[in-house]
1. Out of all the residues in segment 369-391, which are open to solvent by less than 30 Å² (accessible area, probe 1.4 Å) and at pLDDT below 85?
2. State whether the residues of segment 310-323 include one that is out of contact with any Lys or Arg (no Cβ under 8 Å at 6 or more places or on another chain), under 21 Å from Ala23 (Cα atoms) and open to solvent by less than 40 Å² (accessible area, probe 1.4 Å).
3. Would you say Ala51 is farther than 13 Å from Ile96 by Cβ and open to solvent by less than 10 Å² (accessible area, probe 1.4 Å)?
4. Just one of Ile57, Ile96, Ile44, Ile85 is out of contact with any His (no Cβ under 6 Å at 6 or more places or on another chain) and modelled with pLDDT under 95; which is it?
5. Only residues in segment 129-154 that are more than 15 Å from Gly181 (Cα to Cα) count as the first member; pair them with residues that are open to solvent by less than 60 Å² (accessible area, probe 1.4 Å) and in a loop (DSSP other than H, G, I, E, B), Cβ under 9 angstrom, at least 6 apart or cross-chain, and list the lot.
6. Looking at this structure, is Asp145 crowded, with 20+ Cβ neighbours inside 10 Å, closer than 27 Å to Lys398 by Cβ and at pLDDT 90 or above?
7. Is it true that some residue in segment 457-468 is surrounded by fewer than 16 Cβ atoms within 10 Å (Cβ to Cβ) and at pLDDT 80 or above?
8. Report yes if some residue within segment 336-343 is open to solvent by 30 Å² or more (accessible area, probe 1.4 Å) and assigned to a helix (DSSP H, G or I); otherwise report no.
Amino acid sequence: MKPLIIIYGSTGTGKSDFAVELATRFNGEIINADAMQMYKGLPIITNKLTAKEQRGIPHHILGSIELDEDPWVVTRFKREATRLISEIRAREKLPILVGGTSYYLDGLLFDNKLVEKEEQESPEGWVSNRDQLSDKYPILKGPPDAILKKLREVDPVMADRWHPNDTRKIRTSLEIYFATGRRASDIYAEQRSRRESKVANQDPTPRQNLGEILLFWLYARREALDERLDKRVDKMVQNGLLDETKEVYDYLQRRLASGETVDRSKGIWQSIGFRQFEPYLQALKETPESSELRKLKQAGIEDTKTATRQYAKYQVRWMTYKTISSLREEKLLDRLYLLDSTDIHRWNEEVLAKGVELARRFLNDEQLPLAVDISETARDVLTDSVQKSNQQATPCRKTCDFCNKVFLTEELWQTHIHSRKHHKVVRAAKKRSLVPAHYAPPRALVAVDTHMSEGHSSGNESSTSLNPP
Ligand SMILES: [Zn+2]
């Protein structure tokens, strides 16, 4: 038996501590799967365990990349994690993955899905010189509408696949067409069938190489978690969050001053606890005596709290709508155990004791209990998540004619038509008598492949994104 333990969970649920507890008991080594914790330094911003808290357990991929590096793409993570898993096993120890970034864990577990997505969304593999290409085909520099229209002509399948606001993906598909003379949709279909025939020829899939898997989901109910996260931000500030943030800020200023271009849309620049304090740091530099400073600092703290809570919510949504449906497809759902970390005072009984017992049985190849029988929270949340992921599994493409928005999953569509914003638009339209009193439900259009679908909406409804935070 080649066992592997994987721990999912949102920020603030205690998964890093839990991983250390398992590693000390079962002779394990930990592989970090948190995109921000991969960066060197910044222990406060990224909530890294201190050396003392790591208790001598090796932590791989933790603090291993420089601040100016991009976060790893999923392919890279997969490669490194797979290598580490076999190295740890060669030392006759138990590999334990813990994240943070479900995008990485899913990438490792569900093989081709995310890798395929990554290939499709970055034109690099197909288009060698994009500048040259757009000189030759000026439409690529044109307005998004025109690009979409052209794509619809040459490759309607791809035109339907992307959300109309997703200019980048739409342009990429058109670039591929111009660069290769072939439809992107044909290229992808070919790739897919090649991969499928590989599977049919019984090449061992990478997941089989992962061995026997036990999955944990550390979960805390919303209100309790929000409160805990707020307190944690206060504590981070006491522990010197602002010094760390200033360090990052100064580093950024130095790079900008030396004329470098810095892509602020990813990596450490997007970390929670940095962005939120930028206005404060800017003011601090310009007028260190300003009376505004205190206000800006307080605003930074509040924004950091809000962003942290939103991030935790996003992590749970990812679990519910992506990881759980993939686990089901891969027939791994019965290996997912939710541990309830809602009440921090009961952490030892609810998380530690139950988790350790499950791991012990798993490693001894004893029978495991049903996941829904672990706790009341486990029953509630798992049942609810499976139901929601069912809903989401229904591919759709729906357009709200009132708001002029497109939705690619049932879940996003449902969220939208029940949103305050949508009702407001409908009410306003009725007032202007543009619609009869009983408006017909907006039309549903063609179905699209959910694997590539990404929900999009602007405004209040939350949308899901497959990019690492
Ligand atoms: Zn609407």
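1. Ser389
2. no
3. So Ala51 fails the test.
4. Ile44
5. Pro144/Pro164; Asp145/Pro164; Leu148/Trp162; Leu148/Pro164
6. Considered against the rule, which asks whether it is crowded, with 20+ Cβ neighbours inside 10 Å, closer than 27 Å to Lys398 by Cβ and at pLDDT 90 or above, Asp145 comes out as no.
7. Scanning segment 457-468, I find no residue that is surrounded by fewer than 16 Cβ atoms within 10 Å (Cβ to Cβ) and at pLDDT 80 or above, so the answer is no.
8. So far as segment 336-343 goes, no, none of its residues is open to solvent by 30 Å² or more (accessible area, probe 1.4 Å) and assigned to a helix (DSSP H, G or I).
The values are calculated or read from the model by the stated rules, or taken from the named source; none is laboratory data. Values in this document were obtained by computation on a predicted structure and should not be read as measured data. Here Cβ is always computed from backbone atoms with ideal geometry, including for glycine, and neighbour counts include all displayed protein chains. Remember, those area values only see protein heavy atoms, side chains included, never the ligands or the DNA or RNA. Shrake-Rupley method; radii C 1.70, N 1.55, O 1.52, S 1.80 Å.
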